[in-house]
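A short worksheet on the structure shown next.
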Amino acid sequence: MSQSKSIKSDSIIICTKEEAGITNEQIVELLHESFQERLKQGLNFTCSFIDAQQYAESTKNGKTFVAIDADKNLLVGTGTISLLYNRKCRYGYTEYLAINSCH
């Protein structure tokens, strides 16, 4: 398997959370910030209240990518891609997508 490479566009770098050294706690903080407005509107998403341990369990079968603002050394986005195997079928889905460009 080839080594993954990060993607860079202007000052945003996209890579895996492991490559960036980002923790589950940092991702959960971003999720909470990103969904704060929706929570105030009474829209209750898992992202609004999940904790780092629940997040780790929920994403253990996936690969989490992050967007880092290189100029500010700041986490500004995240998303997880998971693959599921059901008998002979395989499928993928995304979850915990968030971006916060208010920084």
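The values are calculated or read from the model by the stated rules, or taken from the named source; none is laboratory data. Everything numeric in this text was worked out from a predicted model, so none of it was measured. Neighbour counts are summed over all protein chains in view; Cβ atoms, including those assigned to glycine, are modelled from backbone coordinates with ideal geometry. Surface areas here come from the heavy atoms of the whole protein model, side chains and all, with no ligands, DNA or RNA. Shrake-Rupley method; radii C 1.70, N 1.55, O 1.52, S 1.80 Å.
Figures for the structure shown
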{"item": "Count of region 59-87 residues which are closer than 26 Å to S11 by Cβ and open to solvent by 70 Å² or more (accessible area, probe 1.4 Å)", "result": "6"}
{"item": "Count of region 14-23 residues which are open to solvent by 30 Å² or more (accessible area, probe 1.4 Å) and either over 15 Å from A56 (Cα atoms) or free of Cβ contacts under 8 Å to residues at least 40 places away in the same chain (or both)", "result": "6"}
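Residue by residue, here is whether (1) in contact (Cβ under 8 Å) with a residue 12 or more places away in the chain; (2) open to solvent by 70 Å² or more (accessible area, probe 1.4 Å); (3) more than 15 Å from L97 (Cβ to Cβ); (4) of a type in the set (S, T, N, Q) holds:
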residue: Q26; (1), (2), (3), (4): yes, yes, yes, yes
residue: H32; (1), (2), (3), (4): yes, no, no, no
residue: Q36; (1), (2), (3), (4): yes, yes, yes, yes
residue: K40; (1), (2), (3), (4): no, yes, yes, no
residue: N44; (1), (2), (3), (4): no, yes, yes, yes
residue: A52; (1), (2), (3), (4): yes, no, yes, no
residue: E57; (1), (2), (3), (4): no, yes, yes, no
